[in-house]
Amino acid sequence: MTRHPPHQQLPRRSAAEQTRVDEAIRDMFEERMCFHKLLGFEVSSLAPDGPSLSFSMRDELIGHYQHGRLHGGVISAALDSVAGLAVTVGIAEKFHDETAEQIVHRFNRVGTIDLRTDYLHQGMGQRFTATGRIIRMGGRIASIQMTLVNDEGLLVATGCASYVIS
């Protein structure tokens with residue numbers, strides 16, 4: 001890869017190529033990751049400032065059978081997954097001149113190295129949305145903050161994560 005001086009701005013990919021990048025990211029997170037399919041995760045936004053995943057409550061996701069609450073592992077998995085989505089969208093923005101294939105290739109080197117989940121309220125609701133925001137994207141490590149809210153806007157959990165991106 002050719003390195004450009006920091007002051008030299010690379011051209012953005014075309015609108016058609018951006019659509020291909022978005023479709024590739026959506027395909028990775030909704031179709032290719034079997035665990036995401038199992039949990040029913042859907043990409044609801046690819047906005048660079050806060051991409052998000054949504055999913056519906058189902059009996060298979062209940063952790064406390066008497067109260068019908070979302071399992072804590074599902075909450076943690078949703079936060080981890082949306083952090084990965086945020087990193088992927090961040091990589092696509094950082095390397096805004098690259099093709100969909102190049103971005104997918106870069107994703108192959110992404111991995112969680114640290115994850116913290118804070119459970120704030122019971123996971124009650126019909127639908128949940130997890131949002132990730134990049135705090136810092138370095139050359140090798142990315143730091144992300146995440147939230148999970150229910151369909152009434154109640155903050156169920158927050159999280160922070162670090163990802164290797166090199």
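Quick notes on this one:
- Odd one out for residue 83, checked against (1) of a type outside the set (Asp, Glu); (2) within 15 Å of the chain's Cα centre (by Cα); (3) on the phi > 0 side of the Ramachandran plot: (3)
- When 78, 83 are checked against the criterion of being touching a residue at least 40 places away in the same chain (Cβ under 8 Å) and under 16 Å from residue 47 (Cα atoms), a single residue qualifies: 83.
- Any hit, segment 100-111, residues being closer than 15 Å to residue 51 by Cα and under 17 Å from the mean Cα position of the chain (by Cα): no
- From 97, 80, 59, residue being among the acidic types (Asp, Glu) and buried (at least 19 other Cβ atoms within 10 Å of the Cβ): 80
- One residue alone among 166, 162, 81 is in contact with a Ser or Thr (Cβ under 7 Å, 6 or more places away or on another chain) and not aromatic (Phe, Trp, Tyr), and that residue is 162.
- Only one of 118, 49 that is touching a residue at least 40 places away in the same chain (Cβ under 8 Å) and either within 20 Å of residue 165 (Cα to Cα) or assigned to a helix (DSSP H, G or I) (or both): 49
- Residue match in segment 120-138 (condition: surrounded by 13 or more Cβ atoms within 10 Å (Cβ to Cβ), within 22 Å of residue 46 (Cα to Cα) and touching a Lys or Arg at 6+ places or on another chain (Cβ under 9 Å)): yes
- Selected residue (only one of 26, 20 is among the charged types (D, E, K, R), touching a residue at least 60 places away in the same chain (Cβ under 8 Å), part of a helix (DSSP H, G or I) and out of contact with any Lys or Arg (no Cβ under 8 Å at 6 or more places or on another chain)): 20
- Test: residue in segment 157-166 that is surrounded by 15 or more Cβ atoms within 10 Å (Cβ to Cβ), modelled with pLDDT under 95 and more than 19 Å from residue 42 (Cα to Cα): yes
The values are calculated or read from the model by the stated rules, or taken from the named source; none is laboratory data. Because the structure is a prediction, the values reported are computed rather than measured. Here the Cβ is made from the backbone with ideal geometry for all residues, glycine too, and neighbour counts use every protein chain on show.
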